[in-house]
Amino acid sequence: MKARHLLAVMTMTAVTGCSVGGLLGQTAQVPGGGTAGQACRWLGEQAADAAQTRLDLVLLVDRSASARDGQGRAWDWYRAVFGGEGTAVGDAVTFPNTRLPTPARIRIGAFDGEGSVEWVVGDLLLPHLTATADGYRSSYALNVGDCLRDAVGRAATSPPREPGSAVLGALDVDRAPATAPDAEHRLVVATDGLSTQGCASLERTAMRDLTIVGRIVRACQGQRAVPDLRGWRVEMPWLGHPGAGRPQPRQSHRKWLTSLWSGLCAATGAHPCRIADGRPTDPAQGAPGVSVSVADPVIAFSSTERAPDPFVKKVLPEDLLFPTGSAVLHASGRELLTRFADELAGQAPESVRVAGYADDRGGTTYNEDLSRRRARAVGDVLRQAGLRGVRTEGRGEIAGNCPSPSAGDTKACNRRVEIVYRVRG
């Protein structure tokens, strides 16, 4: 047993009559992750304070592959967030990088591409630190630091379950209950900001033009993908720093990322938003690596001198979307289009054109009308998903797509819907 824990147990035995044998003989379970460390168990036994909490702290750790180095090691997020050991000052525990007033409620979790949080510590209560004996106050602060170090370490070293990183989805957290009316709600996100899932996906977005940021924010708002964080303070101060050995953004890319997450954070209603591109703390000496079995989508940090091709075409076969002779979408076709719109929104398209086509069976007027109604049905789904600037047209049997004249079912390549969109930036 560490000396600081032994001192804490001896002191609390004297102050409150806690049983040393009972303390050491219990193993506390925490939601989402194995057994808590000794320090967390000790704090759990002191958390019987009935006072409303003054701080609701949520710390989310990005455990995706890109946030680790080539050996699977994460940044030292405990050092980055807290900065080192804590000390008892008044009724708070003060760390080099932050201050925790008590009583406080702390939640620590990890996320990847799934969009939800796996809680390592779902509800850690820090009791009110009063003017008790100096030995107890010192032990209290040391145990808080050790507990947080243990919990953050377990969040950072837990392996990702899904590829990529859904940063915006992870931000959708609830306020803790039983907080004081003037309590501070603080959300700290330990991430490089390189989201690859949902409306804020950067997988196909060239991080060049800052005017693109506004369109991404509006697209995410249109899809109702931006959580309501009014009353929260949000901190994301380590953007643009994937693990060592991974492709690294340039300074211009980090500036773009900072602008993007500043805009998205402002859209949540959070205030203040502390968004920056500071470099996290390197992994501790001898820190263990994690075997990562899922690969992240690649984000290409394009040269700022070379613009990408702005036009992209998506071709969807007729039978994938509609029954024969109908302009009413299959349920599966509607779901496919909604997923496509979610991915496309992250690229902030300047324009989207939907064109319907038919084969040469049936009359020209019938083909034009059917292709027009199908294009409108597709365009309606894209608009409902939050895309703007969507235009539709029916082109009937013109501009065939088959390599040579054909008959029967082999004309399926002509019966299609094409979505052509323009992306810049």
Quiz item: At V328 and Q384, where each label point lies 7 Å from the Cα along Cα→Cβ, what is the point-to-point distance in nanometres?
Solution: 1.4 nm
Quiz prompt | Within the stretch 62-118: Cβ-based charge dipole about Cα centre, in debye rounded to nearest 20 (Lys, Arg +1; Asp, Glu -1) | solution = 120 debye
Quiz prompt | Kirkwood Rh (inverse of mean 1/r, distinct Cα pairs), the stretch 214-311, angstrom | solution = 16.0 Å
Practice problem: Work out, step by step, the length gained on full extension between S252 and T364: first 0.36 nm times the residue separation, then minus their alpha carbon distance; give nm to one decimal. | Solution: 35.1 nm
Practice problem: Starting from the Cα of E85, step 7 Å along the direction of its Cβ; do the same at K314; then give the gap between the two resulting points in nm. | Solution: 5.6 nm
Exercise. Can you tell me how much longer the chain between R422 and A133 gets when fully stretched, taken as 0.36 nm per residue apart minus their C-alpha distance, in nm with one decimal?
Key: 97.3 nm
Quiz item: Roughly what would the spin-label model give for E335 and L210, points 7 Å off Cα along C-beta, in nm?
Solution: 4.2 nm
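Quick check for me: using +1 on Lys/Arg Cβ and -1 on Asp/Glu Cβ, what's the dipole size of the stretch 102-195 about its Cα centre, in debye to the nearest 20? Don't skip to the end; give the middle numbers.
Details: 8 positive and 13 negative charges, 51 e Å.
The calculated dipole for the stretch 102-195 is roughly 240 debye.
Suppose the chain between V298 and Q285 were pulled fully straight at 0.36 nm per residue; how much longer would it get relative to their current alpha carbon spacing?
Using 0.36 nm per residue and subtracting the Cα-Cα distance, I get 1.8 nm.
Taking the Cα centre as origin and putting +1 on Lys and Arg beta-carbons and -1 on Asp and Glu beta-carbons, what dipole magnitude results for the stretch 313-355, to the nearest 20 debye?
Values: 5 positive and 6 negative charges, 19 e Å.
So the magnitude is around 80 debye.
Rounded to two decimals, what ratio of Rg to Rh does the stretch 328-369 give with C-alpha atoms and a Kirkwood Rh? Spell out each step's value before the answer.
Details: Rg = 14.4 Å, Rh = 12.9 Å.
For the stretch 328-369, the value is 1.12.
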Exercise. Could you order peptides 248-255, 191-198 by the average number of other Cβ atoms within 10 Å of their residues, highest first?
Key: 191-198, 248-255
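FRET efficiency for R395 and R274, Cβ-Cβ distance as r, R0 = 51 Å, nearest 0.05?
On the way: r = 51 Å, r/R0 = 1.00.
The calculated FRET efficiency here is 0.50.
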Self-check item: For the stretch 105-232: relative contact order, % (alpha-carbon pairs under 8 angstrom, 6 or more apart)
Solution: 27 percent
Quiz item: In percent, how large is the relative contact order of the stretch 221-319, given Cα pairs closer than 8 Å and 6 or more residues apart?
Solution: 34 percent
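Only the coordinates and a few stated rules stand behind these numbers; no lab work does. Since the model is a prediction, treat every value here as computed from it, not as a measurement. Ideal geometry is used to build each Cβ from the backbone, glycine not excepted, and the neighbour counts take in all protein chains shown.
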